[in-house]
Amino acid sequence: MSDTDVSVQVATQAAEVSYQRRSPWASMLRRFRKNKRALVGFWMVVVFVGIAVFAQAIAPYDPIEQNMDVILQPPSADHLFGTDEYGRDILSRIIYGSQISLMIGIVGVLISVVIGVGLGTVSGYFGGRTDMFIMRIMDIFMAFPSFLLALAIVSVLGPGMVNVMIAIGIFSVPTFARISRSAVISVKNKEFIEAAKSMGASHARVIFKHVLPNSVAPIIVLSTMRIATAILTASGLSFLGMGAQPPTPEWGAMLSTGREYLRTAPHVSTIPGLAIMFMVLAFNMLGDGLRDALDPKMKL
């Protein structure tokens, strides 16, 4: 064998070792970067988050300040998105509304993650009667359409943003419980889990140190996509008058009030509707990209 062949073989072996030692998160990031749709969704989310964070500096007007001299004006140089029925600047209300939509979506999903992942992990790890009891309760919740369940919860608790977050958190719990249960079942019988148990590790240590870190990928994907569902649900509840109350600049409420002026001032309802659509689209595209990037069956 020539020196050239030996050098090629050594380089190939070194590349294989480097490939095997490569962090799975690095591989995920590389797959994510190659997904153009995921990158578009990511940057759209970044833009929405930036708008929400710097809303006070970006918004040209006070979102609740009324000006009866400019009622229902179409988009112009002074008001890029026009004004509503009280002369309020729609652009400013859209900017401040992004804070509300993101807050409801993120907080609602966090509630679902904490409760749903906790129940799903306990159910999948211990199995038996515990698993059967928890899953049957989840089946009862899943028997109701998500939006109707959220509407029923808000009807009992009363309208308001806090109650909308609670309702969104509750109706998403069964989905997170089932996903986390499946992920836990798929890893709890692995060799490293058995090794940890044989070394005397407690159930809590096994769950938090070994089980959850190895079942987090589907939870991340579901959380991202559930934020889109939460934003859409919150907008729907506000559209029905059960969410944020006037004069709060919430997109669903803006869409509801603007429907009375579809013929004379269509921008009042069209622009909030487009804002909802683009934010939901952004999180869905990001979630799809994360799902593809975290799928170990995808080619590197």
Defining a contact as two alpha carbons under 8 Å apart and six or more residues distant in sequence, what relative contact order in percent does segment 144-300 show?
23
Percent of all Cα-Cα pairs per 20 Å bin for the chain, counting from 0 up to the last occupied bin, reads 28, 46, 21, 5, 0
Just subtract the alpha-carbon distance of LEU281 and GLU65 from 0.36 nm times their residue separation and send over the number in nm, one decimal.
74.7 nm
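If you roll a 1.4 angstrom probe over the protein chains with everything in place, what fraction of the accessible area of segment 77-222 belongs to carbon and sulfur, to the nearest %?
Numbers: 4830 of 6930 Å².
Here carbon and sulfur together make up 70 percent of the probe-accessible area.
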For a quick check of your reading of the filter: which trypsin sites (Lys or Arg not before Pro) in segment 202-293 sit in a DSSP loop and have no more than 12 other Cβ atoms within 10 Å?
ARG263
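Could you size up the charge dipole of segment 142-283 around its Cα centre, putting +1 on the beta carbon of Lys and Arg and -1 on that of Asp and Glu, and report it in debye to the nearest 20? Please list the in-between numbers first.
Numbers: 10 positive and 4 negative charges, 92 e Å.
Charge dipole, segment 142-283, about its Cα centre: 440 debye, nearest 20.
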Within the chain, which complete DSSP H helices have Cα atoms spanning at least 20 Å along the helix axis and a mean Kyte-Doolittle hydropathy of -0.5 or higher?
3-21, 36-53, 90-112, 128-142, 161-187, 217-239, 267-294
Per residue, how much accessible surface does the chain expose to a 1.4 Å probe? Answer in Å², no decimals.
54
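The values are calculated or read from the model by the stated rules, or taken from the named source; none is laboratory data. This is a predicted model, so every value here is computed, not measured. Note that each Cβ is placed from the backbone with ideal geometry, even for glycine, and that neighbours are counted across all protein chains shown. The protein model used for the area step is the full one, side chains on, heavy atoms only, and it has no ligands, DNA or RNA in it. Shrake-Rupley method; radii C 1.70, N 1.55, O 1.52, S 1.80 Å.
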